[in-house]
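J.: Here it is, the structure in full.
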Amino acid sequence: MVSVWLSKLKFPLTIAILQVLFIILYAVFIDYDATASPPKTMTNSTQEESGAAMVHKYYAMFQDVHVMMFIGFGFLMMFLRRYGFSSVGLNMLIAALCIQWSTLIGGIIHHHGDTFTVSITTMLTSDFASASILITFGALLGKTSPLQMVLVTMFGIVLFAVNEYIGLVVLRAVDVGGSMFVHAFGAYFGLTISRVLYNAEVEQSKKENSVYHSDMFAVVGTIFLWLFWPSFNSALAVEDAQHRAVLNTYYALAACCLVTFAISSLVDKDGKFDMVHIQNATLAGGVAVGTSADMMIRPYGALIIGSVAAVLSTLGYKYVTPFLKSKLKIHDTCGVNNLHGMPAIMAGLAGAITVAMADTDNYGFTLYRQFPAMAPEESTQELAELNKVHQIEAGQGRSAKEQAVFQLIALVVTLGFALVGGLFVGLLLKFCKLLGQPSGDNFFDDSLSWHVPPESNSEASLEGHGANSSASKADTSRSALFSGHVDKGDMTLEESAFLGDDKV
Amino acid sequence: MVSVWLSKLKFPLTIAILQVLFIILYAVFIDYDATASPPKTMTNSTQEESGAAMVHKYYAMFQDVHVMMFIGFGFLMMFLRRYGFSSVGLNMLIAALCIQWSTLIGGIIHHHGDTFTVSITTMLTSDFASASILITFGALLGKTSPLQMVLVTMFGIVLFAVNEYIGLVVLRAVDVGGSMFVHAFGAYFGLTISRVLYNAEVEQSKKENSVYHSDMFAVVGTIFLWLFWPSFNSALAVEDAQHRAVLNTYYALAACCLVTFAISSLVDKDGKFDMVHIQNATLAGGVAVGTSADMMIRPYGALIIGSVAAVLSTLGYKYVTPFLKSKLKIHDTCGVNNLHGMPAIMAGLAGAITVAMADTDNYGFTLYRQFPAMAPEESTQELAELNKVHQIEAGQGRSAKEQAVFQLIALVVTLGFALVGGLFVGLLLKFCKLLGQPSGDNFFDDSLSWHVPPESNSEASLEGHGANSSASKADTSRSALFSGHVDKGDMTLEESAFLGDDKV
Amino acid sequence: MVSVWLSKLKFPLTIAILQVLFIILYAVFIDYDATASPPKTMTNSTQEESGAAMVHKYYAMFQDVHVMMFIGFGFLMMFLRRYGFSSVGLNMLIAALCIQWSTLIGGIIHHHGDTFTVSITTMLTSDFASASILITFGALLGKTSPLQMVLVTMFGIVLFAVNEYIGLVVLRAVDVGGSMFVHAFGAYFGLTISRVLYNAEVEQSKKENSVYHSDMFAVVGTIFLWLFWPSFNSALAVEDAQHRAVLNTYYALAACCLVTFAISSLVDKDGKFDMVHIQNATLAGGVAVGTSADMMIRPYGALIIGSVAAVLSTLGYKYVTPFLKSKLKIHDTCGVNNLHGMPAIMAGLAGAITVAMADTDNYGFTLYRQFPAMAPEESTQELAELNKVHQIEAGQGRSAKEQAVFQLIALVVTLGFALVGGLFVGLLLKFCKLLGQPSGDNFFDDSLSWHVPPESNSEASLEGHGANSSASKADTSRSALFSGHVDKGDMTLEESAFLGDDKV
């Protein structure tokens, strides 16, 4: 009896402890950015305008990215017919955890342990960090408990932040749309965990599929991701590069959508479209153009990248996912390898190739703004001039080819972090029984961790009857009606799985 | 026969009369703001730029708030399994009525009966006014006729506007996110009406619950509200305060989401999550931080407010709602007391406490911009300087503690307006039989006022058959197919309820 | 056997050829706008800021319009109970094709065959062009194959671009919300094609109706369209006119929504609302105010236009659609005549009337900015002054009444293009059997071109069983499960229709 109560308390307790911890650490480390603080003096007249300027500059794109995280990812994962509550609900839980935790970890790493400030740009980078863990969630969808995902998030965000720091600050690689640091990391981190947790029972599940309406909810996610991807790839770009990143992503996605329909029909024996491809592969162009989105790839270059990504991703869903599952024992619920993994590697390569051809003929002085390590090492006359007008500072005098090599190193380091980190976290999940690994009939099933209402009105009318008559005295709230439904039958099994009882 | 026709005409006639009235009153009272009007002279070069500036400054956040009103509230209320059309449809009807009516009433009150102008900021304040009535609708959902809601809206908007005028202009209280004037007013106005209309038959209804997909539609509303709440709380804030309001709301909501999951699991006997909590209590942080969103509460303060709001709101759904229903005969369909009422009172208190600690050490000169009544009463040297640079005017020289007291008075006045106004409107609804109070089997049922199609494809195939064969000559439009479905069986009863025939 | 393979390849091959063609033509014709390109010189300091300015100025409204195209139109058409995948999926396919093709065709026409540049404003105009073809799709929904729609798109965009060029550049008509060039063209182009393709079998279909949840998905589209319509009507307006266009559209839609509810109830024998009206006619105000949105119609004028549009559109759904179908053999699946066609003609007339009353008393110098052809023909002293400050150039010295006549000519020319173009494209579709005209049981049915999962969980559980046991060795991906479902029964018939085999 005591162990049941302890088991029941472990989730709320963990969250409560984390939330208290966050409050304390925020009090110690974090203050408002100057543009979100009142001016110190009574007559300051310039600083006070900058708050509004920050909001005008970043807020609209921030909200687009925000919608991508919660509506985009949340609904995209709703395709499973019995896992909709978990998809959108746990997505929200994970993202809210990421937001708080990555603000803290990212700030501490970038400021080497000093106190730091938050602003709308840290809101953006926190949302980006969330994206990587939500991609990881896609690989694990339906196969992990909420508490396991909390652990994945806590470790994942630290790994993400350290890897990003190495990539951006140490290696000085560039990745405006986060294809390497967000997508490649998130996908392969998740796939490695999925490999470690491999369980043949998952393949037996009869619930890993969609119904008509669950596919329609999923497509809500697809389209919001597709629409707002230009914001994701350009939110942190500047000046002409931002405008260019918007254009390149827009064209890459348009081509990707078209070609996905073509390949989906081509590889089907009946020539029909597969909704799985449309829901996912249409987005691969946004990933594949991510690293080079702000570079001079020209509109036709964006079309080529988008088209190739569509082919890669659609064929991935058709051939690679079954191969990974049957041969390598990597089960990839949402096919994140096809939507995020392979297109992200493609993005890293496309970025390196584009960087290798970058010069001042193409970029003018903005070469040194986009690739700061390529700026001359020592202060020249020209550089002094540029610094005065454009705040461009001395770099490391890298050649374009050297920068390209550093881009590739950043990609390899990212994959290394994902694999080693995923191995570690996967083993932790596997051997820490307390976290409550689902099993048997509990895969891909909301009733593992939610009270689930009946599916249809006809069912509900019958249910309503029963629940009402039996529960009318104690509690007539909606949840009572639902629990009446779920309680019948397989509750014991579900319960023990949720509570992490490995004897069942 | 004549009375049937009169009954059938009362809804369209009421709306038609109102719309004609609006057109006349708009023609008499309203013109475009200067920034939406061409310059008077042929060579004016400054004014003409301000139109674009207004749009750039407010439009993105206005659209976020607009989405909250129509998608957010509309879908959040879709959880009821047989009331989806009414939830989203009547939400739209009410909001469109509010927009037109509150533009008029708000303008007339604030300009003391003079003609006045409209701009994108009046669009924002009209949307805020709508929010309060949509909250009221949440308390009454499924228990009122469309015509009753029109009456609630017409009176509600007047009460809202008068109360807001007293709070903002007479008492000079501040409430950037409208937690007191919008949320507290809307919730307790609705709950009072619900108390007056209390009908034991409502408790017998077997339709006040959700099905799997209706809960998924509801969560669309939840997430858009959650995402765009920072816009709601900061749209009308200025400069550094706007940036701060965005940050505070973002952090409050992140903490609120996390803690809601913890408490939802904690209070459940199986340790499972309840979708009702996730759909609603995750948003309480946005309400609770509303009054103090633009104040110097620091990020950890926002986390605390969000966390406490989550506890309050989730426990409210679990324990307060059943108590209100069984003991106080207040039936609260959407639990607006938990999502809007109690968190709004908390917001008012948190605001008053924060105001009591406000000084120029924290706020610099912006103290007098955020709390205008605290500016020195007479023109000092310093004030003259501030006025020149920041357009800050002489106030009433209130101390921080005095301002805090005025904040509390505004909260009490708001609650008074809600209770007295709700009592009056509730009695009107109760005794004006003509408005068509639903009863018996008509609660929580779309078919009271909509033609409802069959629920599933298998049903539809059967229906389609019948309808087609019986109605093929006269009218083969979609609506004919639906009415074929609804006509069978309980139509007589529904009809009479809709037409307000109190003999049934 | 060979012919089967050729039939199966025709869709992917067509798309592949088009995409390669686009890549080549983009490489030849298109480069980034100057504001999306790095400055040519190393020390340029002004141009580089304009990229950010362009993004800030247009991006938020562009994204609103983008959401309207993909979520708005895509979901609005989801009402059909068995055609949801096609509605949202083919909508996406068509829009992605439109974006690429109209960027090219529009640029080539406007630059008379020279190379040209793209920017966020060409992204906007491409999305507007998409709108017209998506409206056309609404008229044809459920009655055409994907390949037929590709052909409709390719021709439709060319017709659209030529007509718009004639209207805007040759006739110098104004149409800020594209009511004539986008809505009237799209609607009557589609209706003409529908007339040519008329097939009595369509009327026999038992699938042209909605179920409860499909109607809820559709209303997602409705509301996003309703919310963002002010962006559609004002995105390309300038200064005070943009602010005014936002206000006018907002008020027109609010009135339109209210009056639609009134008329929907009025014309129903039971006094109930019809969801078809709410989904569609509430939007007619946005179309009807489109041409005059940026003009001085004053807020009450906007209310009048919105109210009249609601009456026109709702009565259209009730009486005109059945009449067109039964008497004129024009089957209009989405009722685009009521939502786009008639309100667009009304918009053109309202625009012409408003223009006829325009003078410098109302518009000041902006008269010549809004109606450039009305500027004095030769350079006066005043005009030179205006040109210096506001870049206003000499026009043709048209009187207001002359401009009104040109407005009407543009409307007539647009209708001419729609009818003649629709006739041509319709005949092409009718006689080119290779394109795969659906027939018999294939109308309004996703399974014509999609693998469709089971509808409900109970069905899926049974399905999952069978599919799993029979397909477990070869391929256990989601698509395998679906195809297992669809394969049973009517596959042969569907297949042949999809493959365009006209013997069946």
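Nothing in this text is a laboratory measurement; each read-out follows from the coordinates by a stated rule. These numbers were taken from a predicted model, which means no experiment stands behind them. Note that we place each Cβ from the backbone using ideal geometry, even for glycine, and neighbour counts take in every protein chain shown.
J.: Rounded, prolate or oblate: which fits region C:3-127, taking a ≥ b ≥ c as square roots of the Cα gyration tensor eigenvalues, rounded meaning a/c under 1.5, else prolate when a/b beats b/c? Walk me through the intermediate numbers first.
T.: On the way: a/c = 3.24, a/b = 1.55, b/c = 2.09.
Cα axes put region C:3-127 in the oblate bin.
J.: Could you tell me whether the protein assembly as shown comes out rounded, prolate or oblate from its Cα gyration tensor? Rule is a ≥ b ≥ c as square roots of the eigenvalues, rounded for a/c under 1.5, then prolate if a/b exceeds b/c, otherwise oblate. Don't skip to the end; give the middle numbers.
T.: Working: a/c = 1.01, a/b = 1.01, b/c = 1.00.
Since a/c stays below 1.5, the shape of the protein assembly as shown is classed as rounded.
J.: Moving to a separate point now. Placing +1 on the Cβ of each Lys and Arg and -1 on the Cβ of each Asp and Glu in region C:174-294, which of C:Ala252, C:Ile223, C:Ile278 has its Cα farthest towards the positive end of the resulting dipole?
T.: C:Ile278
J.: Which lysines does C:Lys40 reach when only Cα atoms under 29 Å apart count, and residues fewer than 8 places away in its own chain are ignored?
T.: Counting by Cα, and skipping residues close in sequence, C:Lys40 has these lysines nearby: A:Lys57, A:Lys388, A:Lys401, C:Lys57, C:Lys388.
J.: Just checking the output field for B:59-68: average partner chain Cβ neighbours within 10 Å of each residue's Cβ?
T.: Values: counts 10, 14, 5, 3, 12, 4, 0, 6, 8, 0.
Mean number of neighbouring Cβ atoms from other chains: 6.
J.: Let me ask something else. List the pairs from A:Lys207/B:Lys206; B:Lys206/B:Lys430; A:Lys206/A:Lys318; B:Lys143/B:Lys272 whose alpha-carbon separation is above 27 Å, in the order I gave them. The partial results should precede the final answer.
T.: Values: A:Lys207/B:Lys206 29 Å; B:Lys206/B:Lys430 23 Å; A:Lys206/A:Lys318 20 Å; B:Lys143/B:Lys272 30 Å.
Table pairs above 27 Å Cα-Cα are A:Lys207/B:Lys206; B:Lys143/B:Lys272.
J.: Something else now. Search the structure for amide H atoms under 5 Å from the amide H of B:Ala375, placed 1.01 Å from N in the peptide plane, and list their residues when 5 or more places away or on another chain.
T.: B:Gly395, B:Gln396, B:Gly397, B:Arg398
J.: Find which of B:His112, B:Gln63, B:Leu339 sits farthest along the positive direction of the dipole of chain B, computed with +1 on the beta-carbon of Lys and Arg, -1 on that of Asp and Glu, about the Cα centre.
T.: B:Leu339
J.: Pop the C-beta distance of B:Val28 and B:Ala356 into the FRET formula with R0 = 51 Å and round what comes out to the nearest 0.05. The partial results should precede the final answer.
T.: On the way: r = 45 Å, r/R0 = 0.87.
Plugging the Cβ-Cβ distance into 1/(1 + (r/R0)^6) gives 0.70.
J.: Calculate for the protein assembly as shown the 222 nm mean residue ellipticity that helices alone would give, adding -39,500 (n - 2.57) per DSSP H run of length 4 or more and normalising by residue count, nearest 500 deg cm²/dmol.
T.: -21000 deg cm²/dmol
J.: Rounded to the nearest 20 debye, what is the charge dipole size of the protein assembly as shown about its Cα centre when +1 sits on each Lys and Arg Cβ and -1 on each Asp and Glu Cβ?
T.: Using only the charged Cβ atoms, the result is roughly 2500 debye.
J.: Membrane-span-like helices in chain A: DSSP H runs reaching 27 Å or more (Cα, own axis), mean Kyte hydropathy at least -0.5?
T.: On the way: long enough: A:2-29 (38 Å, 1.86); A:47-67 (30 Å, -0.33); A:84-110 (37 Å, 1.37); A:120-140 (30 Å, 1.37); A:146-165 (28 Å, 1.47); A:212-234 (34 Å, 0.74); A:239-266 (41 Å, 0.69); A:400-431 (47 Å, 1.68).
Answer set is A:2-29, A:47-67, A:84-110, A:120-140, A:146-165, A:212-234, A:239-266, A:400-431.
J.: Modelled label-to-label distance, A:Glu382 and B:Ile17, 7 Å Cα→beta-carbon offset: nm?
T.: Reported label-point gap for A:Glu382 and B:Ile17 is 7.9 nm.
J.: Output, in nm with one decimal and in ascending order, the distances from the B:Leu434 label point to the matching label points of the other copies (7 Å from Cα along Cα-to-Cβ).
T.: From this label point to the equivalent ones elsewhere in the assembly: 6.9, 6.9 nm.
J.: Also, I was wondering about something else. Taking a label point 7 Å from Cα toward Cβ, how far is C:Trp5 from its twins in the other copies, in nm, shortest first?
T.: 7.2, 7.2
J.: For label points placed 7 Å from Cα toward Cβ, what is the shortest-first list of nm distances from A:Val169 to its copies?
T.: List, nearest first: 5.3, 5.3 nm.
J.: How far, in whole Å, is the nearest Cβ of chain A from the axis relating it by rotation to chain B, and which residue carries it?
T.: Here the value is A:Ala60, 3.
J.: Just want the answer: with Cβ charges of +1 for Lys and Arg and -1 for Asp and Glu, which residue in B:Gln370, B:Ile30, B:Gly301 is farthest toward the dipole's positive end in chain B?
T.: Working it through, the farthest residue towards the positive pole turns out to be B:Gly301.
J.: Between A:Glu201 and C:Lys401, what is the spin-label point distance in nm, taking each point 7 Å from the Cα along the Cα→C-beta axis?
T.: Here the modelled spin labels are 8.6 nm apart.
J.: What's the local net charge at B:Ser102, with K and R +1, D and E -1, over the other residues with C-beta under 11 Å away?
T.: Numbers: positive: none; negative: B:Asp127, B:Glu164.
That sum, taken over residues with Cβ under 11 Å, equals -2.
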